[in-house]
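Just so you know, all these numbers are worked out from the coordinates, no wet-lab data involved. Since the model is a prediction, treat every value here as computed from it, not as a measurement. No Cβ is skipped: glycine too gets one built from the backbone with ideal geometry, and neighbour counts run over all protein chains shown.
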Amino acid sequence: MRIKGSGVSHIIVVGNEKGGSGKSTTCMHVATALARLGFRVAALDLDLRQQSFTRYLENRAAFARRTQIRLPMPVLGRIATGESDSEGDRVNDAIDALERSSDFIVVDCPGAYSRISEVAHSLGDTLVTPLNDSFVDFDLLARFDPASNKVSGPSVYSEMVWKARQARAHQGLPPIDWVVIRNRLGPQNMHNKRRLGDALTDLSRRIGFRVASGFGERVIFREMFPNGLTLLDMRDTGLGGLSLSNIAARQELRDLIKALNLPDVIVKF
């Protein structure tokens, strides 16, 4: 287990045990936004099967080479695939290799439980859990009783976060700042949207997380992946333009970075 000290990176873990919630998109936008602000940023993809975050970064590097456009680029770390060390040791080794040369390390966790993910959660200073704005995804965090509109108990994922918090406390580390972000928020103030918001507020008080708005449902996110681009790259590359939708999406990113309340970060994009 890592011990915090002078010169040690701030680790941002993006975790959720459900696929399709926008983890890799969130990782990419947070990592490149911090790099654009002048921080030394490293990226670590622990989803060893899908590796969406890794492919996103590789696409970005290929686009920069092809177009000769300089883009802020996080350093991509790697986790060893050997069988001699435990999964926990391999995660720790990968973090150690990046720490001294990075201000921030952004870690993308797999969309299912694994020992690798469990260890990563215990190392995070900030935990970001993207959540699609539906009760299907809310079930990741807790069970909900529709008759009473009340939370009836935490989920297995929330219990894993609780164990990660315990592990940090035993090491004398600061508590995890857990932020649940609501992705794909619809523009209408629908009944279920309000119910979900009330349930998240209730649950946040009970198990200790903050709620923030994430990204809306936008086609542009799917279009940017092949070139490894993010919302903040549109002006530099001349792609995508500055439509009202793109401007709104950039504001969502600004609001998200501010909501994470990361050390020494002043949003200036």
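Key figures for this structure:
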{"read-out": "Within the range 127-145, backbone nitrogen closer than 17 Å to the virtual label 7 Å beyond the Cα of residue 156 toward Cβ", "value": "137-144"}
{"read-out": "Amide H contacts under 5 Å for residue 181, placed H, 5+ residues apart", "value": "129, 131, 212"}
{"read-out": "Amide H partners (placed H, <5 Å) of residue 267, local residues excluded", "value": "none"}
{"read-out": "For residue 75, distant residues with modelled amide H under 5 Å away", "value": "41, 42, 43"}
{"read-out": "Loop-resident sites, the range 100-166, for chymotrypsin sites (Phe, Trp or Tyr not before Pro), counting at most 15 other Cβ within 10 Å (DSSP)", "value": "113"}
{"read-out": "Positive-end residue, the range 122-269 charge dipole about Cα centroid, Cβ charges, pick of 214, 127, 203", "value": "203"}
{"read-out": "Within a Gaussian network of the chain (alpha carbon springs, distance under 10 Å), most fluctuating of 66, 210, 182", "value": "66"}
{"read-out": "Note, ³J(HN,Hα) from phi for the range 260-269, Karplus 6.51, -1.76, 1.60, rounded to Hz, x at Gly and Pro", "value": "5, 6, 7, x, 6, 9, 10, 6, 10, 10"}
{"read-out": "Potential lengthening between residue 113 and residue 40 on full extension [0.36 nm per residue; Cα-Cα distance subtracted]", "value": "23.3 nm"}
{"read-out": "Estimated inter-spin distance, residue 86 and residue 213, nm [label 7 Å along Cα→Cβ]", "value": "4.4"}
{"read-out": "Computed magnitude of the charge dipole of the chain (debye, nearest 20; Cβ of K, R +1, Cβ of D, E -1)", "value": "700"}
{"read-out": "Ranked packing of 16-25, 255-264, 91-100, 30-39, most packed first, by mean Cβ within 10 Å", "value": "30-39, 16-25, 91-100, 255-264"}
{"read-out": "Residue-by-residue Karplus 3J(HN,Hα) for the range 215-227, coefficients 6.51, -1.76, 1.60, Hz, glycine and proline x", "value": "9, x, 7, 9, 4, 4, 5, 6, 6, 7, 4, x, 9"}
{"read-out": "Contact order normalised by residue count of the chain, Cα under 8 Å, 6+ apart, percent", "value": "23"}
